[in-house]
Amino acid sequence: MRIYKIIFLAFCFIFSMLHSYATQSEIPQEITYTTYLLNKHKLFIANSPKGILFAGIQGKDSQNCLLNEEIPLKNGSLKCGIYSFKVHNGKIEETHNLLIQTSFSLKAQEAIYEHPNYPDNKISILFQCSTDSRIQKLLEQMYQKNFSCGSGKELFYEKAKASMQEYIKNANTDKKEAQELLKYSPLEDNVMDMLVYFDDELLVFERSSYLYTGGAHGMPTKQGIILSKSQGLIPIDKNINLNNHQLKTLLWKKYREYLKRLPKETPPPQTYINFEDFKVSDSILLDYDGVIFLYQPYEILPYSYGIIRLKIPLIALKNFEDFKNSVFEYLLKH
(Lines give C-alpha, C1' and ligand atoms only; values in the text may rest on other atoms or scores of the structure.)
Protein backbone atom coordinates (compact mmCIF):
# COMPACT_ATOMS: atom_id res chain seq x y z
CA MET A 1 0.00 0.00 0.00
CA ARG A 2 2.81 2.39 0.86
CA ILE A 3 4.44 2.09 -2.57
CA TYR A 4 1.17 3.07 -4.28
CA LYS A 5 0.86 6.15 -2.12
CA ILE A 6 4.42 7.18 -2.95
CA ILE A 7 3.75 6.67 -6.67
CA PHE A 8 0.60 8.78 -6.33
CA LEU A 9 2.57 11.52 -4.56
CA ALA A 10 5.15 11.50 -7.34
CA PHE A 11 2.42 11.70 -9.99
CA CYS A 12 0.83 14.70 -8.26
CA PHE A 13 4.18 16.47 -8.05
CA ILE A 14 5.04 15.88 -11.72
CA PHE A 15 1.57 16.97 -12.80
CA SER A 16 1.83 20.18 -10.78
CA MET A 17 5.23 20.97 -12.31
CA LEU A 18 3.98 20.40 -15.85
CA HIS A 19 0.88 22.44 -15.12
CA SER A 20 2.95 25.34 -13.77
CA TYR A 21 4.85 25.56 -17.03
CA ALA A 22 1.76 25.03 -19.16
CA THR A 23 0.17 28.08 -17.54
CA GLN A 24 3.09 30.47 -17.97
CA SER A 25 0.93 32.51 -20.36
CA GLU A 26 -1.32 33.30 -17.38
CA ILE A 27 1.48 35.17 -15.62
CA PRO A 28 0.64 38.91 -15.53
CA GLN A 29 2.59 40.76 -18.20
CA GLU A 30 3.16 43.77 -15.97
CA ILE A 31 3.47 43.98 -12.20
CA THR A 32 3.91 47.15 -10.14
CA TYR A 33 6.03 47.16 -6.99
CA THR A 34 5.23 49.98 -4.57
CA THR A 35 6.84 51.09 -1.32
CA TYR A 36 4.52 52.86 1.14
CA LEU A 37 5.53 54.80 4.25
CA LEU A 38 3.78 53.38 7.30
CA ASN A 39 4.63 55.20 10.55
CA LYS A 40 8.08 53.81 11.43
CA HIS A 41 7.61 50.91 9.04
CA LYS A 42 7.53 50.45 5.32
CA LEU A 43 4.94 48.46 3.43
CA PHE A 44 5.97 46.71 0.20
CA ILE A 45 3.24 45.56 -2.20
CA ALA A 46 3.39 43.74 -5.54
CA ASN A 47 0.28 44.53 -7.63
CA SER A 48 -0.84 42.74 -10.78
CA PRO A 49 -4.01 43.42 -12.79
CA LYS A 50 -5.52 40.43 -10.98
CA GLY A 51 -4.73 41.73 -7.51
CA ILE A 52 -2.01 41.80 -4.84
CA LEU A 53 0.53 38.98 -5.33
CA PHE A 54 2.63 39.45 -2.21
CA ALA A 55 3.27 42.07 0.46
CA GLY A 56 5.35 42.59 3.56
CA ILE A 57 6.30 45.05 6.26
CA GLN A 58 9.86 46.02 7.05
CA GLY A 59 10.68 47.67 10.33
CA LYS A 60 10.43 46.49 13.91
CA ASP A 61 9.18 42.89 13.83
CA SER A 62 9.37 42.66 10.02
CA GLN A 63 6.80 40.25 8.63
CA ASN A 64 4.96 38.95 5.61
CA CYS A 65 1.36 39.95 5.03
CA LEU A 66 -1.17 37.12 5.00
CA LEU A 67 -2.00 36.20 1.41
CA ASN A 68 -3.10 33.13 -0.51
CA GLU A 69 -0.05 32.13 -2.56
CA GLU A 70 -2.24 30.78 -5.37
CA ILE A 71 -4.91 33.51 -5.65
CA PRO A 72 -4.12 37.26 -5.94
CA LEU A 73 -6.08 39.44 -3.51
CA LYS A 74 -8.56 41.43 -5.60
CA ASN A 75 -11.02 42.56 -2.93
CA GLY A 76 -11.02 42.07 0.80
CA SER A 77 -8.65 42.68 3.66
CA LEU A 78 -4.85 42.61 3.63
CA LYS A 79 -3.61 41.67 7.10
CA CYS A 80 -0.04 42.54 8.07
CA GLY A 81 0.52 41.90 11.76
CA ILE A 82 -1.26 44.64 13.71
CA TYR A 83 -2.21 46.39 10.46
CA SER A 84 -5.20 45.67 8.27
CA PHE A 85 -5.88 47.35 4.92
CA LYS A 86 -8.99 47.29 2.79
CA VAL A 87 -8.32 46.24 -0.78
CA HIS A 88 -10.54 47.16 -3.73
CA ASN A 89 -9.82 46.13 -7.33
CA GLY A 90 -6.40 44.89 -6.27
CA LYS A 91 -5.26 48.13 -4.63
CA ILE A 92 -5.13 49.58 -1.13
CA GLU A 93 -8.08 51.92 -0.65
CA GLU A 94 -7.19 55.61 -0.60
CA THR A 95 -8.94 56.04 2.76
CA HIS A 96 -5.82 54.63 4.42
CA ASN A 97 -3.88 57.74 3.29
CA LEU A 98 -0.64 55.85 2.72
CA LEU A 99 2.23 57.85 1.26
CA ILE A 100 4.07 56.32 -1.68
CA GLN A 101 7.86 56.44 -1.37
CA THR A 102 8.80 54.73 -4.63
CA SER A 103 7.20 52.62 -7.34
CA PHE A 104 8.43 50.71 -10.38
CA SER A 105 7.06 48.14 -12.79
CA LEU A 106 8.39 44.98 -14.39
CA LYS A 107 7.09 43.56 -17.64
CA ALA A 108 7.28 39.82 -18.26
CA GLN A 109 7.93 38.63 -21.81
CA GLU A 110 8.44 35.12 -23.14
CA ALA A 111 10.75 34.09 -25.97
CA ILE A 112 10.13 30.60 -27.40
CA TYR A 113 12.31 28.78 -29.93
CA GLU A 114 10.88 25.62 -31.49
CA HIS A 115 12.98 23.34 -33.68
CA PRO A 116 11.72 23.85 -37.28
CA ASN A 117 11.53 20.10 -38.00
CA TYR A 118 10.57 18.86 -34.54
CA PRO A 119 8.32 21.44 -32.80
CA ASP A 120 8.07 19.24 -29.70
CA ASN A 121 11.65 20.33 -29.04
CA LYS A 122 11.53 23.83 -27.67
CA ILE A 123 13.28 26.22 -25.35
CA SER A 124 11.39 29.02 -23.62
CA ILE A 125 12.71 31.93 -21.59
CA LEU A 126 10.41 34.14 -19.56
CA PHE A 127 12.40 37.26 -18.75
CA GLN A 128 11.72 40.59 -17.09
CA CYS A 129 12.31 44.13 -18.33
CA SER A 130 11.51 47.61 -17.01
CA THR A 131 11.06 51.14 -18.33
CA ASP A 132 12.67 52.38 -15.11
CA SER A 133 16.28 52.96 -16.19
CA ARG A 134 17.79 52.15 -12.78
CA ILE A 135 15.90 48.87 -12.50
CA GLN A 136 16.64 48.00 -16.13
CA LYS A 137 20.39 48.40 -15.52
CA LEU A 138 20.13 45.88 -12.69
CA LEU A 139 18.27 43.47 -14.98
CA GLU A 140 21.00 43.86 -17.59
CA GLN A 141 23.53 42.80 -14.96
CA MET A 142 21.39 39.78 -14.10
CA TYR A 143 21.04 38.67 -17.73
CA GLN A 144 24.52 39.86 -18.74
CA LYS A 145 23.23 41.58 -21.85
CA ASN A 146 22.09 45.04 -22.87
CA PHE A 147 18.45 45.06 -23.91
CA SER A 148 15.18 46.92 -23.55
CA CYS A 149 11.51 45.94 -23.39
CA GLY A 150 11.45 46.57 -27.13
CA SER A 151 14.52 44.54 -28.10
CA GLY A 152 14.45 41.85 -25.41
CA LYS A 153 12.20 39.32 -27.07
CA GLU A 154 14.38 39.07 -30.18
CA LEU A 155 17.59 38.84 -28.15
CA PHE A 156 16.26 36.10 -25.86
CA TYR A 157 14.84 34.23 -28.87
CA GLU A 158 18.35 34.11 -30.32
CA LYS A 159 19.66 32.93 -26.96
CA ALA A 160 17.10 30.10 -26.90
CA LYS A 161 17.99 29.15 -30.48
CA ALA A 162 21.69 29.06 -29.62
CA SER A 163 20.93 26.86 -26.60
CA MET A 164 19.13 24.37 -28.83
CA GLN A 165 22.08 24.25 -31.21
CA GLU A 166 24.47 23.80 -28.30
CA TYR A 167 22.36 20.92 -26.96
CA ILE A 168 22.53 19.12 -30.30
CA LYS A 169 26.25 19.80 -30.59
CA ASN A 170 26.97 18.43 -27.12
CA ALA A 171 25.06 15.25 -27.93
CA ASN A 172 28.13 14.14 -29.92
CA THR A 173 26.05 12.70 -32.75
CA ASP A 174 26.06 13.10 -36.50
CA LYS A 175 23.22 14.89 -38.29
CA LYS A 176 21.11 11.76 -38.77
CA GLU A 177 21.53 10.62 -35.19
CA ALA A 178 20.71 14.13 -33.97
CA GLN A 179 17.42 14.01 -35.84
CA GLU A 180 16.61 10.67 -34.23
CA LEU A 181 17.54 12.14 -30.84
CA LEU A 182 15.11 15.04 -31.29
CA LYS A 183 12.41 12.76 -32.65
CA TYR A 184 12.40 10.13 -29.92
CA SER A 185 13.88 12.05 -26.98
CA PRO A 186 12.40 15.55 -27.24
CA LEU A 187 14.03 18.48 -25.49
CA GLU A 188 11.97 20.82 -23.34
CA ASP A 189 13.83 23.55 -21.51
CA ASN A 190 11.85 26.24 -19.68
CA VAL A 191 13.27 29.10 -17.62
CA MET A 192 11.08 31.61 -15.81
CA ASP A 193 12.18 34.58 -13.68
CA MET A 194 9.80 36.24 -11.21
CA LEU A 195 10.48 38.92 -8.61
CA VAL A 196 9.46 37.49 -5.23
CA TYR A 197 10.89 40.11 -2.85
CA PHE A 198 11.91 43.77 -2.95
CA ASP A 199 12.77 46.55 -0.53
CA ASP A 200 14.75 49.79 -0.59
CA GLU A 201 18.01 47.95 -1.26
CA LEU A 202 17.41 44.48 -2.72
CA LEU A 203 15.48 42.78 -5.50
CA VAL A 204 15.20 39.00 -5.22
CA PHE A 205 14.21 36.89 -8.22
CA GLU A 206 13.18 33.26 -8.17
CA ARG A 207 14.44 31.48 -11.28
CA SER A 208 12.35 28.36 -11.98
CA SER A 209 13.73 25.92 -14.52
CA TYR A 210 12.39 22.71 -15.98
CA LEU A 211 14.54 20.51 -18.20
CA TYR A 212 13.27 17.39 -19.96
CA THR A 213 15.53 15.36 -22.23
CA GLY A 214 13.57 12.12 -22.29
CA GLY A 215 12.86 9.44 -19.74
CA ALA A 216 10.25 9.20 -17.00
CA HIS A 217 10.34 12.84 -15.96
CA GLY A 218 12.15 16.12 -16.32
CA MET A 219 14.10 17.98 -13.68
CA PRO A 220 12.68 21.10 -12.01
CA THR A 221 15.06 23.43 -10.18
CA LYS A 222 14.79 26.78 -8.44
CA GLN A 223 17.43 29.28 -7.51
CA GLY A 224 17.50 32.74 -6.02
CA ILE A 225 19.08 35.71 -7.77
CA ILE A 226 19.75 38.71 -5.55
CA LEU A 227 20.37 42.20 -6.92
CA SER A 228 21.52 45.12 -4.82
CA LYS A 229 20.65 48.63 -5.97
CA SER A 230 24.04 49.82 -4.71
CA GLN A 231 26.25 46.78 -5.43
CA GLY A 232 24.61 44.96 -8.35
CA LEU A 233 24.54 41.16 -8.52
CA ILE A 234 25.19 39.63 -5.09
CA PRO A 235 27.30 36.44 -4.90
CA ILE A 236 25.88 34.36 -2.06
CA ASP A 237 29.15 32.60 -1.21
CA LYS A 238 30.78 36.01 -0.63
CA ASN A 239 28.08 37.05 1.85
CA ILE A 240 27.28 33.80 3.66
CA ASN A 241 29.77 31.26 4.94
CA LEU A 242 28.30 28.07 3.55
CA ASN A 243 30.61 26.07 5.82
CA ASN A 244 29.26 27.67 8.98
CA HIS A 245 28.61 24.75 11.32
CA GLN A 246 26.11 26.70 13.43
CA LEU A 247 24.06 27.59 10.35
CA LYS A 248 24.23 24.00 9.12
CA THR A 249 22.98 22.76 12.50
CA LEU A 250 20.09 25.21 12.47
CA LEU A 251 19.06 24.20 8.93
CA TRP A 252 19.34 20.53 9.87
CA LYS A 253 16.92 21.19 12.73
CA LYS A 254 14.50 22.86 10.27
CA TYR A 255 14.88 19.86 7.96
CA ARG A 256 13.99 17.43 10.74
CA GLU A 257 10.97 19.58 11.63
CA TYR A 258 9.91 19.49 7.98
CA LEU A 259 10.06 15.68 7.97
CA LYS A 260 7.79 15.52 11.01
CA ARG A 261 5.15 17.62 9.20
CA LEU A 262 4.94 15.24 6.24
CA PRO A 263 1.88 12.96 5.99
CA LYS A 264 2.47 9.84 8.06
CA GLU A 265 1.30 7.59 5.25
CA THR A 266 4.17 8.72 3.01
CA PRO A 267 7.21 8.93 5.29
CA PRO A 268 10.55 9.66 3.58
CA PRO A 269 13.45 7.25 3.91
CA GLN A 270 14.99 8.08 7.26
CA THR A 271 18.46 7.34 5.89
CA TYR A 272 18.15 9.42 2.71
CA ILE A 273 20.73 11.90 3.95
CA ASN A 274 22.68 12.20 7.17
CA PHE A 275 23.99 15.25 8.97
CA GLU A 276 27.54 14.81 7.64
CA ASP A 277 26.34 14.94 4.01
CA PHE A 278 23.80 17.69 4.62
CA LYS A 279 24.97 21.09 3.30
CA VAL A 280 23.97 24.72 3.58
CA SER A 281 22.29 25.52 0.28
CA ASP A 282 23.77 28.29 -1.85
CA SER A 283 20.36 28.95 -3.39
CA ILE A 284 18.41 31.36 -1.21
CA LEU A 285 15.41 33.66 -1.32
CA LEU A 286 14.34 36.41 1.07
CA ASP A 287 11.06 36.88 2.85
CA TYR A 288 10.19 39.95 4.90
CA ASP A 289 10.67 37.93 8.06
CA GLY A 290 13.37 35.44 7.11
CA VAL A 291 15.74 33.77 4.68
CA ILE A 292 14.65 30.74 2.65
CA PHE A 293 17.18 28.06 1.68
CA LEU A 294 16.16 26.04 -1.39
CA TYR A 295 17.01 22.34 -1.84
CA GLN A 296 16.56 20.72 -5.24
CA PRO A 297 14.97 17.31 -5.94
CA TYR A 298 17.24 14.43 -4.79
CA GLU A 299 19.36 16.84 -2.73
CA ILE A 300 17.86 16.04 0.67
CA LEU A 301 14.76 14.01 -0.27
CA PRO A 302 13.61 11.83 -3.18
CA TYR A 303 12.39 13.43 -6.40
CA SER A 304 8.71 12.99 -5.51
CA TYR A 305 9.00 15.49 -2.66
CA GLY A 306 9.94 18.30 -5.03
CA ILE A 307 11.91 21.39 -4.10
CA ILE A 308 12.25 21.83 -0.34
CA ARG A 309 12.20 25.26 1.31
CA LEU A 310 13.76 25.64 4.74
CA LYS A 311 13.20 29.03 6.34
CA ILE A 312 15.33 30.71 9.01
CA PRO A 313 13.63 33.65 10.80
CA LEU A 314 15.53 36.94 10.79
CA ILE A 315 15.55 36.98 14.56
CA ALA A 316 17.50 33.70 14.57
CA LEU A 317 20.10 35.10 12.16
CA LYS A 318 21.01 38.05 14.37
CA ASN A 319 23.46 35.81 16.22
CA PHE A 320 25.42 35.03 13.05
CA GLU A 321 28.49 37.16 12.35
CA ASP A 322 28.24 36.09 8.69
CA PHE A 323 24.99 37.99 8.27
CA LYS A 324 26.09 40.94 10.36
CA ASN A 325 28.99 41.51 7.97
CA SER A 326 27.10 40.88 4.74
CA VAL A 327 24.85 42.75 2.34
CA PHE A 328 21.95 41.51 4.49
CA GLU A 329 23.18 43.37 7.58
CA TYR A 330 20.53 46.11 7.39
CA LEU A 331 17.75 43.50 7.62
CA LEU A 332 18.91 42.47 11.08
CA LYS A 333 18.70 46.01 12.48
CA HIS A 334 14.94 46.27 12.27
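The values are calculated or read from the model by the stated rules, or taken from the named source; none is laboratory data. Note that the structure is a prediction, hence the values are computed from the model and not measured. When we count neighbours, we look across all protein chains shown, and the Cβ atoms used for this are built from the backbone with ideal geometry, even at glycine. Calculation scope for accessible area: heavy atoms of the full protein, side chains included, ligands and nucleic acids excluded. Shrake-Rupley method; radii C 1.70, N 1.55, O 1.52, S 1.80 Å.
What trypsin sites (Lys or Arg not before Pro) does segment 221-269 have in DSSP loop regions with at most 10 other beta carbons within 10 Å?
264
With each pseudo-label sitting 7 Å past Cα toward Cβ, what's the residue 229-residue 321 distance in nm, one decimal?
3.1
Could you pull the accessible area for residue 127 with a 1.4 Å probe, rounded to 10 Å²?
0
Given charges of +1 on the Cβ of Lys and Arg and -1 on the Cβ of Asp and Glu, with all other atoms neutral, how large is the dipole of the chain about its Cα centre, in debye to the nearest 20?
Computed about the Cα centre, the dipole is about 760 debye.
Considering only protein heavy atoms, what per residue accessible area in square angstrom results for the chain with a 1.4 angstrom probe?
Value for the chain: 54 Å² per residue.
In segment 102-206, which trypsin sites (Lys or Arg not before Pro) are in a loop and have at most 16 other Cβ atoms within 10 Å, using DSSP for the loop call?
145
With +1 on each Lys and Arg Cβ and -1 on each Asp and Glu Cβ, and nothing else charged, work out how big the dipole of segment 145-255 is about its Cα centre, in Debye to the nearest 20.
So the magnitude is around 240 debye.
Among the helices of the chain (complete DSSP H runs), which have Cα atoms covering no less than 20 Å along the helix axis and a Kyte-Doolittle mean of at least 1.0?
2-22
Which listed residue (143, 243, 155) has the Cα farthest towards the positive end of the charge dipole for segment 137-267, taking +1 on Lys and Arg C-beta and -1 on Asp and Glu C-beta about the Cα centre?
So the residue furthest toward the plus end is 243.
At R0 = 22 Å, how high is the FRET efficiency between residue 200 and residue 82 if r is their beta carbon distance? Nearest 0.05 is fine.
Taking R0 as 22 Å, the efficiency between residue 200 and residue 82 is 0.50.
Scan segment 163-265 for GluC sites (Glu not before Pro) in coil per DSSP, keeping those whose Cβ has at most 11 other Cβ atoms within 10 Å, and list them by number.
265
Pop out the carbon and sulfur fraction of the accessible area of the chain as a percent, whole number, probe 1.4 Å.
C and S fraction of accessible area: 51 percent.
Cα centroids of segment 34-68 and segment 85-120: how far apart, whole angstrom?
15
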